[in-house]
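Colleague: Following this message is one structure expressed as structure tokens.
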Amino acid sequence: MSRANQYDIAIIGGGPVGSTLALALRDSGLSICLLEARDFSPSNDPRALALSYGTRLLLDRLGVWARLPQVSGIRTIHISQKQSFGRAMLRADEMGVPALGHVLPYSALQNGLQAAVLASAVRVGDARPESTLLPPGPSPEGGGELVCIGSAAVTALETGAEVATIRYSHNRVEHGITAKLAVVADGGRLLEASHPPEVHEYGQSAVIAHVTCAHPKLDTAFERFTAQGPVALLPYHDGYELVWTAAHDKAQAMLVWDDATFLAQLHEHFGDRVGAFTGVGARTCYPLRLKRAPETAFPHAVLLGNAAQTLHPVAGQGFNMGIRDAWELAQVILRAAPETLGSAAMLADYQHSRQLDRNAGIRFTDGLVRMFSNDLPLLGNARGLALSALDCVPLAKQFVAKRMMFGANG
């Protein structure tokens, strides 16, 4: 393999997690290749994301946050359970921050990060022969550059004693590169055959839609626990982004309800805190599971984000954990000597830095689902007492809020 196909770091996946890592390393002096299965046209994905305040701070450090459009702030989080007492309120002013989190379209974040990555690249190409978007830069052996290749379908990742080898298809031609460190930031199926993940099926799906209502509280997010799973309302523009959890068969039925039925059922299920629901947009649905890679590091390769762990959306932890994965890996890489990239010692440093946050985040979200997604009377009373105690004990409230904003590492 020619030296032009040898890199210090290869990032597989140009979504928000992979792009965050690329931006955090853009001034590192390392040669980096980012491989993305899509071309680099703007995303139009309508899904909404709930970003924690900690994620906002990281994006601000990367110079991206100020450029993001269509952002709504969350200054209060209202937590309750259906048909039982107890509720808790988390407020930004009590935590000394301007907002606990923010809501924005996935497409806005993806496009903002992608634009910053492409602006930092020395060479960009996708499946169209004429689409070299920037003048070709020096070969990777010169070091200190970022190369982005779109429409690159990665077909194999082989880890070895010295480097990782990546094979991908681009313009129907097979290519290969090597890297001292290969970072799997999208999906994770490349190593699942040899290293199967641990999977827990919740028996639930999430129905996603934008809803409007009679009395919106546009800086307040609601997390309401029910026997069939949590329902969340995230403030966004003129209404809320709804995440409604239900058993698979009911969720599929909800997709085909007419709007009037959907809105009436939502009001009965959620209650009257925002008045009657008056409108609903397009609905989508996806199954929920906990998927966890037992190991996130292999010889000269590492898993980030959903490739490392896929969490239930309760409390909005999964995506934010992936961004923290990317940031922490970048800090470990910047501390390491170039000749140690991908070494066992470097990867052990990364795994140690992420162990507490990763394990605590998985236990936190999984525990919430298991504790609250049932109608056992004794547990209902215990949950009510726990929510009331949370609301009344400032130290407990600060602990939970900080975990949600910054993860277990604070």
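The values are calculated or read from the model by the stated rules, or taken from the named source; none is laboratory data. On a predicted model such as this, the values are computed, not experimentally measured, just so you know. Please note: Cβ atoms are built from the backbone with ideal geometry, for glycine as well, and neighbour counts cover all protein chains shown.
Colleague: Contact list please: Cβ distance under 7 Å, first residue in the stretch 219-237 and surrounded by fewer than 22 Cβ atoms within 10 Å (Cβ to Cβ), second residue among the aromatic types (Phe, Trp, Tyr), pairs at least six apart or on different chains.
Modeller: Taking only residues 6 or more apart or on different chains, the pairs are 224/270.
Colleague: Is it the case that residue 306 is farther than 27 Å from residue 158 by Cβ, in contact with a strand residue (DSSP E or B) (Cβ under 9 Å, 6 or more places away or on another chain) and polar (S, T, N, Q)?
Modeller: Details: farther than 27 Å from residue 158 by Cβ: no; in contact with a strand residue (DSSP E or B) (Cβ under 9 Å, 6 or more places away or on another chain): yes; polar (S, T, N, Q): yes.
Against the criterion (farther than 27 Å from residue 158 by Cβ, in contact with a strand residue (DSSP E or B) (Cβ under 9 Å, 6 or more places away or on another chain) and polar (S, T, N, Q)), residue 306 does not qualify.
Colleague: I've got another one for you. Can you tell me how many residues within the stretch 349-407 are surrounded by fewer than 18 Cβ atoms within 10 Å (Cβ to Cβ), touching a strand residue (DSSP E or B) at 6+ places or on another chain (Cβ under 7 Å) and among the hydroxyl-bearing types (Ser, Thr, Tyr)?
Modeller: 0
Colleague: Given the criterion more than 22 Å from the chain's Cα centre (by Cα) and of a type in the set (Asp, Glu), identify the matching residue among 268, 328, 295.
Modeller: One residue alone meets the criteria, 268.
Colleague: Which of the residues that make up the stretch 15-33 are farther than 13 Å from residue 116 by Cα and crowded, with 17+ Cβ neighbours inside 10 Å?
Modeller: Of everything in the stretch 15-33, those that are farther than 13 Å from residue 116 by Cα and crowded, with 17+ Cβ neighbours inside 10 Å turn out to be 17, 28, 30, 31, 32, 33.
Colleague: Name the residues in the stretch 229-263 that are over 27 Å from residue 74 (Cβ atoms) and out of contact with any Cys (no Cβ under 8 Å at 6 or more places or on another chain), would you?
Modeller: 247, 248, 249, 250, 253, 256, 257, 258, 260, 261
Colleague: Now for a separate question. Quick one: which of 63, 54 is within 16 Å of residue 121 (Cβ to Cβ), assigned by TED's automatic domain parsing to the domain that holds residue 242 and not basic (Lys, Arg)?
Modeller: On the way: 54 fails: within 16 Å of residue 121 (Cβ to Cβ).
None of the others qualify; the one that does is 63.
Colleague: Here is a further query. Do we find a residue being farther than 30 Å from residue 299 by Cα and among the small types (Gly, Ala, Ser) anywhere in the stretch 175-196?
Modeller: Taking every residue of the stretch 175-196 in turn, none turns out to be farther than 30 Å from residue 299 by Cα and among the small types (Gly, Ala, Ser).
Colleague: Also, quick follow-up: Could you grab me the full set of residues in the stretch 254-270 that are surrounded by 14 or more Cβ atoms within 10 Å (Cβ to Cβ) and within 18 Å of residue 227 (Cα to Cα)?
Modeller: 254, 265, 266, 267, 269, 270
Colleague: Which of the numbered conditions does residue 338 fail, given that it passes all the others? Conditions: (1) in contact with a helix residue (DSSP H, G or I) (Cβ under 8 Å, 6 or more places away or on another chain); (2) over 13 Å from residue 183 (Cα atoms).
Modeller: Result: residue 338 fails condition (1) only.
Colleague: Given the condition touching a residue at least 24 places away in the same chain (Cβ under 8 Å) and in a helix (DSSP H, G or I), answer yes or no: does some residue in the stretch 24-46 qualify?
Modeller: Within the stretch 24-46, one or more residues are touching a residue at least 24 places away in the same chain (Cβ under 8 Å) and in a helix (DSSP H, G or I).
Colleague: In the stretch 276-358, which strands (runs of 3 or more DSSP E) lie fully inside it and hold 2 or more residues that are of a type in the set (A, V, I, L, M)? Step through it out loud before you land on a result.
Modeller: On the way: elements: 277-280, 284-292, 301-303.
Per the criteria, 284-292, 301-303.
Colleague: So, restricting to strands (runs of 3 or more DSSP E) that lie completely within the stretch 159-266, which ones have at least 1 residues that are under 30 Å from residue 69 (Cα atoms), touching a strand residue (DSSP E or B) at 6+ places or on another chain (Cβ under 6 Å) and outside the structural domain of residue 86 (by TED's automatic domain parsing)?
Modeller: Answer list for the stretch 159-266: 173-184.
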